[in-house]
Amino acid sequence: MSDVAYGEISRNGLWNNNPALVQLLGLCPLLAVSGSVVNALGLGLATLAVLVGSNIAVSLIRHQVGDAIRTPAFVMIIATFTTCTEMLMKAYTYELYQILGIFIPLIVTNCAILGRAEAFASKQPLLPAAFDGLMMGLGFGAVLLVLGAIREIIGSGTLFANMDLLFGPVASNWGFELFGDGYGFLVMILPPGAFLVTGLLIALKNIIDSRQQARLAKIKTAPLKGSKRVRTTGAIQ
Amino acid sequence: MARPRSSSPHTHSPRSTQWLMLQVLVATVPGLIVLTRLFGIGTLLNILIASVTAIVCEAAILKLRKRPIGFYLRDYSALVTAVLLGLALPPLAPWWLTVTGTAFAIIIAKHLYGGMGYNPFNPAMIGYVVLLISFPLQMSAWLAPAGLLTDGPPAAAPDFMTSLQIVFMGNSIDGFTAATPLDAFKHNSGLLVAQFYEQTPQFAQGHWAGFGWEWVNIAFLLGGIYLLARKVFTWHAPVGMLAGLSVMALFNYDGGSSTSHGSILFHLLSGATMFGAFFIVTDPVTSATSHRGRFIYGVMIGVIVFLIRSWGNYPDALAFAVLLMNFAAPFIDYYTPPRTYGHSKSGTIIHRSKED
């Protein structure tokens, strides 16, 4: 097991192959409920739980389930975990459950989860599969959180409002107003705002990536010290 | 006699983008004068704020994108966007409203899509729609046209100092606002159109389509005719839009019963009809390309404007109609390629490539 590249898995989940920014999977809940931090965090955690659970289960049964019936089996597993999560949220965070509404059961249809089950968990042993679920879920949740924060700040001028829905009464005064009463930039709360901010985040990621690449290329092409003989048969590696 | 050998395009025109944009700016003057006469200097302030914002945003983004700043600023396209948005916003809109709308129009609707000539949506209308759905309260605060008699003394356009205070200090403008004719008409419940006209001051004191607003529309029509005469654009899109709107109005105006939707004249001279037909629909970048395509594009905008005015939530609909048809413009282009020289038919692109 020592040859499993956990660093690679976490880099992929959080950045290089981020479900929301690169694979562009699960955009429906991402765009629909990221109007505030508390909604985003609620859905992010729910998705994370389902993703880890389904990855573990899929990995465990990977030798028993044949190719022909694997998709229905995966969907059944994901649906089971989603139902569990839904019931848990209903029990402990009822108000948030009501706000998120249809988007909790819709976690079943989140392609990121089925995609991970299919592409990774069904071919890997338990630990890497669970770790991949965790990292992909964190990557998805992080984007959701950033999106929720940006939209909440610009859209309604608050941050961390209503966090008590998720963390109980202890969090009832976590929220703060940034621009005073009466502020509101409705378009950011509405779906167009979600598309806009997601687009800008993807652009930002691409900018960071291309800067990084340019820096790497610069290091690679820096003149080598040593022999200055003219080579005519290709570049020095 | 030696002649220069010439290859296509065979029409040479000394016209530059700059010249076209200047013509558009000149053509807005009649409308601007009427708006100022009716509502005070509010519209001028809008245009001033929008222009400054547009130029600053344009220059900043061009610098970021490493494009020649002077070259693109001198084509006046940012200025035209700003002026059109300034004309469309309610006079005496608070300054931050104008700044937000203009910045959104220039930065997001224009430059994020590639800048001048690449934007699929009309930037001014994007700015307008963003403001309309974000700040419905401020965006519906239209002033009563100067001279309108309501219960009290005749409405007067707010004077210079008051206007400045309202725009920059955020003083309340409740005392000046009144429903626009389109607004008023939308809330007609159960009266015959003739009765309703008699009872509503906006219509009782107007000639054809509501006090003040009919003149705004006529002024923009004049500006539009000037642009047509200078051949800045062809007649297809504006005439198409006015025709689409008129036909819809004709079919839904049953002589003025309580459920009818306003006469042709009412629709033609209300709200943003003429402004839209000659200054928004004619945008060469975001509309369809061929003459036939532009006509269809215009007709559909007219139809959608009528649909939203009559059955939608908003009193006027030009911005939404234009944006929806901006979406459809490539689709229209796909089915309306002009006939190429030497070919008899111009079907769709698919059909023609089969013939070849």
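Helix B:77-88 against the longest principal axis of chain B: what's the angle in degrees, Cα atoms only, rounded to the nearest 10?
Tilt of helix B:77-88: around 30 degrees.
Determine the equivalent ellipsoid of chain A by diagonalising the alpha-carbon gyration tensor, then write out the semi-axes as square roots of 5 times the eigenvalues, largest first, rounded to whole Å.
37, 29, 14
Peptide A:186-192: average number of partner chain Cβ atoms within 10 Å per residue?
4
In chain A, which whole DSSP H runs stretch at least 15 Å along their own axis (Cα) and average -0.5 or higher on the Kyte-Doolittle scale?
Once both thresholds are applied, what remains is A:37-60, A:70-92, A:126-156, A:191-221.
Show me the three semi-axes of the equivalent ellipsoid for the protein assembly as shown, from the C-alpha gyration tensor (sqrt of 5 times each eigenvalue), largest first, rounded to whole Å.
So the equivalent ellipsoid measures 50, 35, 26 Å along its semi-axes.
Kirkwood hydrodynamic radius, region B:20-81, all distinct C-alpha pairs: what's the number in Å?
12.7
More than 18 angstrom separation, counting every C-alpha pair in region B:165-324; what % is that?
Beyond 18 Å sits 60 percent of the P(r) for region B:165-324.
Which far-off residues, 5 or more places away or on another chain, put their amide H under 5 Å from the one on B:Gly206, with H placed in the peptide plane?
Sorted by chain and number, the residues that satisfy this are B:Phe211.
Note the direction-averaged projected area, equal to a quarter of the hull surface, for the Cα convex hull of region B:190-263, in nm².
The orientation-averaged projected area of the Cα hull of region B:190-263 comes to 5.4 nm².
Can you list which of the chymotrypsin sites (Phe, Trp or Tyr not before Pro) found in region A:8-84 are DSSP loop residues with at most 15 other C-beta atoms within 10 Å?
Passing sites in region A:8-84 do not exist.
Just report the Cα centroid separation between region B:242-264 and region A:39-116, whole Å.
Taking the Cα centre of each part, region B:242-264 and region A:39-116 sit 53 Å apart.
So what's the Cα pair-distance distribution over region B:33-187, bin width 5 Å, in %?
P(r) for region B:33-187, in whole percents per bin: 2, 10, 18, 20, 17, 13, 9, 6, 3, 2, 0, 0.
Any idea how many Lys pairs in the protein assembly as shown come in under 18 angstrom at the alpha carbon, given 8 or more places apart or on separate chains?
4
Considering the dipole of chain B built from charges on the beta carbon (Lys and Arg +1, Asp and Glu -1) around the Cα centre, which of B:Phe203, B:Pro158, B:Leu89 is farthest to its positive end?
So the residue we want is B:Leu89.
As an exercise, find the ratio Rg/Rh for chain B from alpha-carbon atoms, using the Kirkwood inverse-distance average for Rh.
1.00
So what's the back-of-envelope 222 nm ellipticity for chain B, counting only DSSP H runs of four-plus at -39500 (n - 2.57) apiece and dividing by all residues, rounded to 500?
Here the helix-only value at 222 nm equals -16500 deg cm²/dmol.
Using helices alone, I'd like the mean residue ellipticity at 222 nm for chain A: each DSSP H run of four-plus residues gives -39500 (n - 2.57), total over residue count, nearest 500.
So the calculated ellipticity at 222 nm is -20000 deg cm²/dmol.
Laboratory data are not the source of any read-out in this text; all were calculated from the coordinates shown. Treat the numbers as computed from the prediction; the structure is a model and nothing was measured. Virtual Cβ from ideal backbone geometry, glycine too; neighbours counted across all protein chains shown.
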